[in-house]
Every structure is written in C-alpha cells, then in structure tokens.
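Reading through the structure tokens given below for one structure.
Each value in this text was obtained by applying a stated rule to the coordinates, not by laboratory testing. This is a predicted model, so every value here is computed, not measured. A quick note on method: Cβ atoms are made from the backbone with ideal geometry, for glycine too, and the neighbour counts reach across all protein chains shown.
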Ligand SMILES: [Zn+2]
C-alpha cells in the first residue's frame with residue numbers, strides 16, 4: 001500500500017473594512033436590519049451605474065504588497081455570470097484575467113520545523129454577494145430561504161495560494177498567519193464568526209514522491225480555524241480510504257458538517273467556462289501609477305516578521321517569545337504598552353505567555369486581543385515588586401479577579417485584604433511565639449542547620465494566613481537569633 005501525501009491549496013475571501021460598498025455609497029455596517037443597506041447600484045437595478053471605491057483598490061494593493069506580490073499597473077474587472085438568488089445582478093464583478101496582485105508568498109512559522117514558504121497565486125478584488133438565510137438545520141434540508149442584500153457589494157478580496165500546503169496543521173497555521181498580516185495592515189477585521197474571513201480548501205492526495213496531482217475536492221463552509229483543520233484531517237482520511245479501495249476520488253464540491261464532523265458531497269465542480277466571463281463595460285480599466293504603488297508600500301506598517309525580529313533585537317527576547325507575542329497585533333501592542341510602564345521585557349513576556357494567555361484561551365476562541373488594560377498589568381507587577389503581594393497571590397487571586405470584573409489590582413488587593421504584612425511591629429509578636437513554640441528547631445538552627453529556617457518562616461506565614469512578607473520574616477528571624 002502507498003503512503004499518501006496531501007496537496008492542499010486555500011482560497012480565502014476577506015471582506016475589506018471600507019466604510020462604503022465597492023460601487024455605491026451604501027454603508028457596510030455588520031448586523032444592521034436586513035435589506036436596509038441597499039440601493040439601485042448594489043441591487044443591480046436597470047440604469048444604475050457603478051463607481052469604483054478608491055479605498056477598496058488601496059486595501060487590495062496593500063494586501064498584495066504585504067504578501068510580497070507583484071502589483072499589476074494595468075487591470076480591469078470582469079463579469080462572472082451565474083444565476084443564484086444571493087446575486088441580484090446575476091453576475092458578480094470580479095477579476096478573472098487580470099488580478100491586481102500575483103506571484104507572492106507568505107512564510108509561516110512551523111515551530112521546531114522552522115518556517116515554510118507558501119506561494120500566493122493571486123489576490124484579486126471583487127464584490128460580495130448577498131446572504132441567504134436557510135429555514136432549516138442545514139442548507140440541504142431547508143424548507144425555504146430568505147435573502148439579505150445588505151452584504152451585496154461589500155468589497156471582497158480573494159486570496160488564492162499555490163498548492164504548497166501539505167497538512168491540515170500547515171493549513172491552519174497559514175490561515176492564522178494570513179489573518180494576522182491582514183489585521184496588521186488594518187484592511188479587514190477578519191472576524192470568522194461574522195463571515196468577514198472565509199476559507200475554502202482544495203485537497204487531493206498522491207503517492208509520496210509523486211509529482212503528479214491527484215483529483216481534488218473543494219471543501220466549503222469552513223467557519224473557524226478549527227473547522228479548517230478538522231475538515232482537512234477528515235478529508236485526508238476519506239480520500240485515502242477511497243484510493244486504498246482502488247476507487248477514484250470524484251472531483252466535487254463538499255460541504256463541511258461541523259456537528260457531524262464529516263464532509264458531504266454537494267455538486268460536481270463547474271468549469272471556469274461556465275461563468276462566461278467578459279470585461280465589465282460599465283467599469284473603466286484601472287491604471288495604477290508606479291509612484292502611487294510606491295506610496296502604498298511606504299504606508300504599510302511594520303509587519304509581523306519585522307516586529308518579531310525587533311522584539312528579539314530590541315527587547316532581548318528569545319525567538320519563541322517573540323514569535324508568540326507577535327502572533328497577533330493586539331498582543332504585541334499590549335506587550336509594548338506594558339513594557340513602557342514596567343521595563344523588564346522578559347518578566348512581562350512570561351506573564352503574558354503563561355498566565356494571561358491561559359485566561360484569554362479560557363474565553364471564547366474568537367475573542368480578540370487581551371481584555372485587560374496594559375496599565376493594570378503594570379500595576380500588578382509593581383505590587384509584586386514592592387512586596388505588597390507575592391507572586392502566588394498575584395497569579396491565583398488577583399489576576400483571575402482582574403479578568404472577571406475588570407477591577408484594578410490595587411482595589412482587589414484592598415478588598416480581599418491581601419496586603420502582605422510588612423510592618424515589623426505586627427510581625428514581632430508572631431515571630432516570638434513561633435520561636436518559643438519550636439525550641440528544638442531553634443537549637444538546630446543555632447547548631448548550623450540553616451535549612452530549618454524555611455520551616456520557621458513557614459510557621460509565621462501560617463499564623464498570618466499567608467500575609468506576612470516572607471523576605472522580611474526571614475530577615476527578622478535571622479536578626480533575632482543572632483542576639
Ligand atoms: Zn448600494
């Protein structure tokens with residue numbers, strides 16, 4: 001039996017976060033009442049004429065530049081003709097033959113395996129279609145469907161990778177890295193749960209070592225990173241089973257069923273010729289000046305790769321820390337804000353990567369960023385440094401409370417009565433009684449067994465319910481036994 005290798009390519013749709021639609025001035029706000037953000041242009045009523053949104057072109061070019069693509073100076077838009085209820089004009093304006101951006105690549109981090117380059121075939125600009133709302137559990141058993149055209153005409157980019165991805169894990173990492181970059185350059189919010197980032201996956205198997213492509217299937221309805229990974233893992237197993245039985249994989253579109261955890265055949269794949277594409281006669285071709293493209297490039301912010309390197313060189317962080325911290329813009333911004341107030345980068349990094357990330361992960365997968373003010377982490381770290389609370393209290397009591405109700409660390413310490421006793425007069429009595437109650441241990445200590453100090457300090461902490469400042473207690477006992 002052969003061992004198979006998976007060959008995966010992704011097609012990612014990203015809604016651009018322009019204020020208005022691609023060809024009209026309708027707003028693009030998510031969650032508005034259905035069919036309240038439409039006009040004759042985005043509904044394709046006879047006689048209406050489109051006017052290109054300049055920002056949409058800018059955002060597409062910036063995305064292409066961030067993905068190391070070549071930017072075409074002369075391009076145009078095509079009509080992709082097909083009939084579907086969510087497409088009011090019965091054609092979608094897209095770029096079939098002259099995409100704005102081609103031939104790029106994205107390097108993704110694969111942990112100990114180093115990095116991997118995934119080719120970007122193209123990034124093109126098109127218009128979003130409307131949204132069907134199916135009355136039923138799934139599209140397949142829906143009794144009827146309703147249509148909302150608020151979304152129709154929102155600018156959309158399609159990013160198509162080369163078939164360079166070899167596993168479900170790589171696909172997930174690629175998608176996470178891509179989303180990170182798109183968010184860094186602020187051209188989309190990339191909220192998968194709101195559909196502003198969607199992914200389809202093409203996958204085929206071939207015997208290991210072969211350079212010929214097998215027959216591929218396309219998986220639709222991948223609404224989360226987890227879905228992408230699970231669907232591809234499932235499809236790799238399914239296709240391997242088909243091939244091992246000596247059968248042929250059908251070229252078809254398959255729907256990912258999240259509940260059942262399986263892919264289901266939907267329809268045979270249509271050929272590109274089915275769309276009868278031709279240049280849209282209502283839109284003028286785009287001619288982009290080289291200086292203007294240069295200006296777009298100059299406007300790009302620092303990208304994740306460059307920021308990672310700066311975290312290593314500038315803050316002296318290990319590569320791993322820099323990788324984790326720059327894996328989202330929000331987290332990297334948070335880190336830099338905290339370091340401004342508490343200048344110990346490695347300590348700040350440790351707190352973010354362990355305790356803070358654990359709390360963030362306990363929340364919804366789609367929650368973005370860290371729901372804490374950088375200033376409150378600064379305050380927490382200062383409270384530890386000043387000896388007001390110890391690290392354990394900070395991690396186990398104060399931090400969870402900060403996530404829970406957003407109170408400031410100082411307030412929590414006060415309300416919970418956590419302040420360490422750093423007042424020698426309060427501690428003297430307790431220390432005296434502990435020493436008195438443990439004469440044998442005191443003798444041991446005086447006889448040279450320094451290790452028993454831990455026990456004595458522990459007794460004082462126990463008596464004060466953990467509130468005594470251990471460093472201070474240690475010093476005071478030493479002092480007392482010298483006498
Ligand atoms: Zn409109």
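With an 8 Å cut-off on Cα pairs and a minimum separation of 6 or more residues, tell me the relative contact order of the chain in percent. Could you put the intermediate results ahead of the total?
Values: 818 pairs, mean separation 66.7, N = 483.
With pairs under 8 Å counted, the relative contact order is 14 percent.
Remark: spin-label model distance residue 213-residue 290 equals 3.4 nm, labels positioned 7 Å along the Cα→Cβ axis.
Starting with the fewest neighbours, write out 277, 105 ranked by other beta-carbon atoms found within 10 Å of each beta-carbon.
105, 277
Taken along the Cα-to-beta-carbon direction at a fixed 7 Å, the label points for residue 425 and residue 35 span 7.8 nm. Once you reduce segment 42-72 and segment 385-454 to the center of their Cα atoms, the two points are 62 Å from each other. Using a 7 Å offset from Cα along Cα-Cβ at residue 142, what residues in segment 177-211 end up with backbone N under 16 Å from the label point? Only 195 fall inside the zone, counting backbone N under 16 Å.
With a Förster radius of 56 Å applied to the beta-carbon distance between residue 48 and residue 361, the computed FRET efficiency rounds to 0.70. For the chain, find the longest principal axis of its Cα atoms and tell me its angle to the long axis of helix 453-463, 0 to 90°, nearest 10. Orientation of helix 453-463: about 80 degrees from the principal axis. Does a label point 7 Å from the Cα of residue 330, set along Cα-to-beta-carbon, have any residues of segment 189-203 with amide nitrogen under 19 Å, and which are they? In segment 189-203, the label zone of residue 330 (backbone N under 19 Å from the point 7 Å along Cα→Cβ) covers 189-198.
Applying 1/(1 + (r/R0)^6) with r as the Cβ-Cβ distance of residue 265 and residue 13 and R0 = 25 angstrom yields a FRET efficiency of 0.70.
Spacing of the modelled spin labels on residue 257 and residue 132, each 7 Å from Cα toward Cβ, amounts to 1.8 nm.
The slack between residue 300 and residue 479, meaning 0.36 nm per residue of separation minus the straight C-alpha distance, is 58.3 nm.
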